[in-house]
Each structure stands twice: as structure tokens, then as C-alpha cells.
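The values are calculated or read from the model by the stated rules, or taken from the named source; none is laboratory data. Model, not experiment: these values are computed from the prediction. Glycine also receives a Cβ, built like all others from the backbone with ideal geometry; neighbour counts cover every protein chain displayed.
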Amino acid sequence: MSERARPAAMQSVGVAGLLRLHQPPDPALLQQRQEQAVADAFAQGYHAGEAAAACAADARQQSQMAQQAGALAAAAATREAMLLAMAESLVELGLAIARAAIAAEPLARPETLRSLVAEALAAAPAEAIGTVAIASAALPAEAVPAGWVLVVDPTLPVGTVRATVGAASFTASFDRRLSQLSALLHEVD
């Protein structure tokens with residue numbers, strides 16, 4: 001087989017050719033490649049470190065936000081409880097003031113006494129007849145339905161009406177209304 005018939009890979013290369021094929025690379029080129037590899041590795045490490053730091057910062061921020069949300073929710077619950085307690089105290093104070101004002105009043109207003117009479121009579125049996133007692137003579141006898149007798153009972157507290165049918169009595173009063181209001185307000189809690 002001649003030199004020309006051999007494939008290129010098998011052609012004989014002289015010693016000079018071999019020396020050219022296996023010449024050592026240029027040291028400057030090697031230095032440049034090594035520096036580039038170090039720079040690339042540094043850049044990759046730097047970017048990976050930045051990404052890890054950003055991820056850790058996000059995790060810390062999420063944790064802090066969750067803690068702050070929990071603290072805010074606890075503060076809001078405490079605030080609501082304090083507002084409710086304060087509202088209850090104010091209601092009780094208002095009711096106590098109303099009771100004291102009613103007790104200090106020598107007479108109840110006639111329209112208020114009429115509503116109390118109606119309330120007491122509504123509790124009595126429908127066809128019953130008896131007496132209606134009030135603390136003072138603030139109402140005319142016509143303020144009670146026909147058949148009922150209006151009497152003054154100075155032992156009754158101001159703002160109290162008592163309807164009596166036989167042995168049964170039915171009472172309506174400011175104090176009872178305030179107590180019902182207080183119970184109703186406590187049910188709302």
C-alpha cells in the first residue's frame with residue numbers, strides 16, 4: 001500500500017511533523033485559559049451565593065411577617081376584648097345612672113306610666129278586672145280600661161305599676177325594663 005492510498009490518519013508523518021503535532025501549548029494561552037476558568041468558577045459561585053442569600057433572606061422575611069401577623073392578630077383580639085369589657089362597663093354604668101335618676105324622680109311622666117299600665121295589663125288575663133296601683137297620682141282614672149280601678153300606693157317605687165286581679169298581681173316597672181335591657185345586652189356578648 002502506498003503512502004497515498006493510506007487513510008490520512010495512517011499516513012506517516014515524519015519526526016518533524018510529529019514534533020509539530022505534539023508541541024507544548026503556549027504558556028500564555030494556558031495561563032489565560034486557567035484565569036478564565038477561575039473567573040468563570042468564581043462568577044458561578046458568586047451568583048450561587050447571591051441566590052442562596054436571597055432565598056435565606058426571603059425565608060427570614062416570610063418568618064418575620066408571619067410572626068408580625070400573629071402578634072397583630074393577638075393585639076387585635078386583645079383590643080376587641082378590651083373594647084367589649086369597656087362597652088359592658090359603660091352599659092352597666094348607664095343602667096345604674098338610669099336607676100338612680102328614676103329613683104330620685106318624685107313623679108314619672110304620664111305617657112310613661114300609661115305604657116307601664118298597658119304592660120302590666122297585658123300580663124293579666126284578657127277579661128280580668130281588678131286594681132291598678134301606681135306610686136303617685138300622676139294619672140287620671142281614665143288612663144285605665146273600664147272596670148279597672150286606679151289607686152295610689154305610696155309604698156311602690158316611682159315608675160312601678162302593679163295590676164292586681166284577685167290574689168294574682170302583674171308588675172311593670174322601669175327597673176324591670178332596665179333589668180331586661182341589661183339581660184338582653186349580656187346575651188349579645
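Based on what the data block shows, is Val117 under 21 Å from Ser182 (Cα atoms), β-branched (Val, Ile, Thr) and in a helix (DSSP H, G or I)? Step through it out loud before you land on a result.
Details: under 21 Å from Ser182 (Cα atoms): no; β-branched (Val, Ile, Thr): yes; in a helix (DSSP H, G or I): yes.
So Val117 fails the test.
Could you tell me whether segment 29-52 includes any residue that is modelled with pLDDT under 85, surrounded by 10 or more Cβ atoms within 10 Å (Cβ to Cβ), assigned to a helix (DSSP H, G or I) and not aromatic (Phe, Trp, Tyr)? Break it down into steps so the answer makes sense when it comes.
Filtering segment 29-52 down to residues modelled with pLDDT under 85 leaves 29-30.
Next, from what is left, pick out any that are surrounded by 10 or more Cβ atoms within 10 Å (Cβ to Cβ): 30.
Next, only the ones that are assigned to a helix (DSSP H, G or I) stay: 30.
Filter once more, keeping what is not aromatic (Phe, Trp, Tyr): 30.
Yes, there is a match, as at least one residue in segment 29-52 is modelled with pLDDT under 85, surrounded by 10 or more Cβ atoms within 10 Å (Cβ to Cβ), assigned to a helix (DSSP H, G or I) and not aromatic (Phe, Trp, Tyr).
Collect the residues in segment 138-176 that are of a type outside the set (A, V, I, L, M, F, W, C), surrounded by 12 or more Cβ atoms within 10 Å (Cβ to Cβ), assigned to a helix (DSSP H, G or I) and modelled with pLDDT under 85, keeping them in residue-number order.
Answer for segment 138-176, where residues must be of a type outside the set (A, V, I, L, M, F, W, C), surrounded by 12 or more Cβ atoms within 10 Å (Cβ to Cβ), assigned to a helix (DSSP H, G or I) and modelled with pLDDT under 85: just Asp175.
Which of the residues belonging to segment 177-189 are surrounded by 12 or more Cβ atoms within 10 Å (Cβ to Cβ) and hydrophobic (A, V, I, L, M, F, W, C)? Can you show your working first?
To start, the set of residues in segment 177-189 that are surrounded by 12 or more Cβ atoms within 10 Å (Cβ to Cβ) comprises 177-179, 181-182, 185.
Of everything in segment 177-189, those that are surrounded by 12 or more Cβ atoms within 10 Å (Cβ to Cβ) and hydrophobic (A, V, I, L, M, F, W, C) turn out to be Leu178, Leu181, Leu185.
Please work out which one of (1) part of a loop (DSSP other than H, G, I, E, B); (2) in contact (Cβ under 8 Å) with a residue 24 or more places away in the chain; (3) in contact with a Lys or Arg (Cβ under 9 Å, 6 or more places away or on another chain) is the condition Ile129 fails and give its number.
Failing condition for Ile129: (3).
For segment 97-108, state whether one or more residues are at pLDDT below 90, among the acidic types (Asp, Glu) and under 30 Å from Ala133 (Cβ atoms).
yes
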